[in-house]
Amino acid sequence: MRLLYLLNVSNSSQLSADSGYTFADLLAPALTDAGAEVTVASPVPVGDPRVHFAPTTSPFTKYRARFDPGVDALVTLMCERQPEVVVANQIEAAPAIRAALLEAGVDALIAGYCHYLPFSFTDTGALELDPAMDDRGLGRSVLLAFAAGLAACDRVLVHSSTAASWITAAAARTGVDLGDKLHIVPAPRDVRLVRDPDGILPPQGRATGLYNHRLYAHYGTARFTQLARRLIADAPVRLTVMDLFGTRSPERIRLDPSPERHLEELGTTDGVTIASDRGDRIRYRNLLADAHFGIAPFRPGCPWSMSVIDCQAMGLPVIGPRTGWLAEHIDNELLFDTDEQAVRITERLATEPEFYLLHAKRAFASTADLTPEAVAARYLEAVR
């Protein structure tokens with residue numbers, strides 16, 4: 001199988017903060033091991049030299065990635081690579097990919113992988129647009145472009161049951177019949193971030209929590225900041241917050257200055273330490289190993305989180321709000337609806353060794369089926 005993997009890298013200067021790139025870097029070699037001939041079309045190559053590389057230019061903004069996929073370049077790429085399967089990691093680009101295949105005279109299956117959803121659903125079934133994709137009211141247009149992408153795909157791959165249910169509902173509301181296109185293929189865990197929980201020691205009456213998510217406003221950072229202050233005040237806890245972006249470009253800051261604002265606020269909060277892995281995966285592993293538990297993001301439209309999986313694969317229990325995929329994936333005893341419940345959970349993690357070690361093992365076990373080899377097998381089964 002000749003598989004062309006189209007990857008939009010949103011921040012090539014901070015690859016460690018780009019979950020889509022990490023996904024490809026883990027998955028492409030595993031697909032190669034399984035017998036596929038893989039080409040990654042991306043601004044940067046993946047680390048395995050067996051994976052072919054077709055250099056592309058990253059779209060200047062997140063909206064260009066959705067509305068300006070570059071049909072001329074796609075036609076050239078299809079003619080050169082003659083793929084049998086094209087993976088569209090930007091769902092909105094699928095119609096342009098279909099048009100490019102037609103123009104190039106290439107008969108290939110299009111598999112769209114829904115890494116990111118520009119919408120979510122409330123508990124009452126109301127569709128909410130993601131504010132990150134709704135600048136100047138563009139959210140509705142992004143949603144319709146996403147639906148058009150679903151219609152153009154032969155296969156639609158999603159991370160989780162939550163994502164599958166949301167996409168099915170959104171497709172129905174926009175008149176798209178998914179038929180039997182939809183397949184759940186979770187993301188692989190990072191083989192560099194795996195630790196046997198049998199060797200983990202519980203906290204000795206005080207625990208360090210790690211928050212390693214993007215500090216955008218739409219990730220619920222203000223809600224996390226509120227909780228952070230409460231945990232530090234009322235539980236035997238200290239927190240480490242990851243600065244995933246470092247110094248961003250003026251263009252990115254102008255589009256959304258919220259990460260810098262939240263980072264400054266958290267940096268002046270007593271009991272909070274700001275840390276950076278500086279793009280070094282070993283340093284990142286060490287930061288995880290120094291923590292006792294992780295905290296999930298408060299982003300309503302969270303269909304999956306690589307940072308949560310990173311923590312769990314290292315044997316770190318993750319606490320989180322009872323919402324979306326988090327409620328599907330995280331152990332019920334570690335979910336909360338209020339700050340008071342979160343305080344109680346962290347108190348137990350910090351002071352009850354048996355409770356802590358039980359959830360360290362459960363966290364690790366929740367990632368057991370996410371090896372790159374297992375995920376690659378599911379991926380290939382879905383796109384055949």
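Computed quantities for the displayed model
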| item | result |
| --- | --- |
| A88 being open to solvent by less than 10 Å² (accessible area, probe 1.4 Å), in contact with a Phe, Trp or Tyr (Cβ under 9 Å, 6 or more places away or on another chain), within 28 Å of T162 (Cα to Cα) and at pLDDT 90 or above | yes |
| From D130, D48, residue being within 20 Å of the chain's Cα centre (by Cα) and charged (D, E, K, R) | D130 |
| The listed residue being of a type in the set (S, T, N, Q), open to solvent by 60 Å² or more (accessible area, probe 1.4 Å) and touching a residue at least 12 places away in the same chain (Cβ under 8 Å), out of T268, T273 | T273 |
| Filter result for G294 (at pLDDT 95 or above, buried (at least 20 other Cβ atoms within 10 Å of the Cβ) and among the small types (G, A, S)) | yes |
| Test result for R155, under 17 Å from Y379 (Cβ atoms), in contact (Cβ under 8 Å) with a residue 12 or more places away in the chain and open to solvent by 40 Å² or more (accessible area, probe 1.4 Å) | yes |
| Elements of type helices (runs of 4 or more DSSP H) in region 324-384, at least 2 residues being of a type in the set (F, W, Y) | 353-365 |
| Test: residue in region 312-320 that is part of a helix (DSSP H, G or I) and either open to solvent by 60 Å² or more (accessible area, probe 1.4 Å) or not basic (K, R) (or both) | yes |
| Residue satisfying condition, being surrounded by fewer than 22 Cβ atoms within 10 Å (Cβ to Cβ) and touching a residue at least 60 places away in the same chain (Cβ under 8 Å), within set L287, L335 | L287 |
| Qualifying residue in region 131-138 (condition: modelled with pLDDT under 95, more than 30 Å from E352 (Cβ to Cβ) and open to solvent by less than 20 Å² (accessible area, probe 1.4 Å)) | yes |
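The values are calculated or read from the model by the stated rules, or taken from the named source; none is laboratory data. For clarity, every value in this text was computed on a predicted model and none was experimentally measured. In this analysis, Cβ positions are derived from the backbone assuming ideal geometry, glycine residues included, and neighbour counts consider all displayed protein chains. Areas reflect the complete protein model, heavy atoms only, side chains present, ligands, DNA and RNA absent. Shrake-Rupley method; radii C 1.70, N 1.55, O 1.52, S 1.80 Å.
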